[in-house]
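The values are calculated or read from the model by the stated rules, or taken from the named source; none is laboratory data. None of the values given here were measured: they were computed from a predicted structure. Glycine gets a Cβ as well: all are built from the backbone with ideal geometry, and neighbour counts include every protein chain shown.
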């Protein structure tokens, strides 16, 4: 059985990035180390502030699209419901 993760990352100015992956540790490492060109590298998105796990890739992708469609205020409420201080949830991973 595979695991899939929908996650939200941020930077010091609280710019938000929502993604989906089958390897959260690997993907967060890539973001933190600016391995991949794009939005997260440009805006220095390096802090994992929220994630949820599912065993179904279809529901993971649907959830990612749902969150991406939300207004910023709703995304912030989701983050703060689990992580009120915006801690880096991956701080001790590497």
Specify the residue that is surrounded by the most Cβ atoms within 10 Å (Cβ to Cβ); the eligible residues are those in the range 17-50 that are touching a helix residue (DSSP H, G or I) at 6+ places or on another chain (Cβ under 6 Å) and either part of a helix (DSSP H, G or I) or at positive phi (or both). 31
Do we have residue 67 as more than 10 Å from the chain's Cα centre (by Cα) and not in a loop (DSSP other than H, G, I, E, B) here? yes
When you look at residue 53, is it part of a strand (DSSP E or B) and over 9 Å from the mean Cα position of the chain (by Cα), yes or no? yes
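Does residue 74 fit the bill of being out of contact with any strand residue (DSSP E or B) (no Cβ under 7 Å at 6 or more places or on another chain), assigned to a helix (DSSP H, G or I) and within 11 Å of residue 20 (Cβ to Cβ)? Step through it out loud before you land on a result.
Numbers: out of contact with any strand residue (DSSP E or B) (no Cβ under 7 Å at 6 or more places or on another chain): yes; assigned to a helix (DSSP H, G or I): yes; within 11 Å of residue 20 (Cβ to Cβ): no.
For residue 74, the condition - out of contact with any strand residue (DSSP E or B) (no Cβ under 7 Å at 6 or more places or on another chain), assigned to a helix (DSSP H, G or I) and within 11 Å of residue 20 (Cβ to Cβ) - is not met.
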Name the single residue that is farthest from residue 3 (Cα to Cα) among those in the range 83-94 being surrounded by 11 or more Cβ atoms within 10 Å (Cβ to Cβ) and out of contact with any strand residue (DSSP E or B) (no Cβ under 6 Å at 6 or more places or on another chain). 87
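When residues of the range 80-94 are filtered for being at positive phi and assigned to a helix (DSSP H, G or I), how many remain? Don't jump to the end; show me each part of the working.
Here is the first cut: in the range 80-94, the residues at positive phi are 86.
From what's left, assigned to a helix (DSSP H, G or I): none.
Number satisfying all stated conditions: 0.
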All conditions in (1) touching a helix residue (DSSP H, G or I) at 6+ places or on another chain (Cβ under 9 Å); (2) assigned to a loop (DSSP other than H, G, I, E, B) are true of residue 12 except (1)
Out of all the residues in the range 64-77, is one or more surrounded by fewer than 14 Cβ atoms within 10 Å (Cβ to Cβ) and either within 16 Å of residue 5 (Cα to Cα) or modelled with pLDDT under 95 (or both)? yes
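Evaluate the following for residue 14: is it over 11 Å from the mean Cα position of the chain (by Cα), under 16 Å from residue 94 (Cα atoms) and at pLDDT 95 or above? Walk me through it before giving the result.
Details: over 11 Å from the mean Cα position of the chain (by Cα): yes; under 16 Å from residue 94 (Cα atoms): no; at pLDDT 95 or above: yes.
When the stated conditions are applied, residue 14 does not pass them.
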Among the numbered criteria (1) within 15 Å of the chain's Cα centre (by Cα); (2) closer than 22 Å to residue 2 by Cα; (3) assigned to a helix (DSSP H, G or I), which one does residue 59 miss? (1)
Going through (1) loosely packed, with under 12 Cβ neighbours inside 10 Å; (2) more than 16 Å from residue 6 (Cβ to Cβ) one by one, residue 53 fails only at (2)
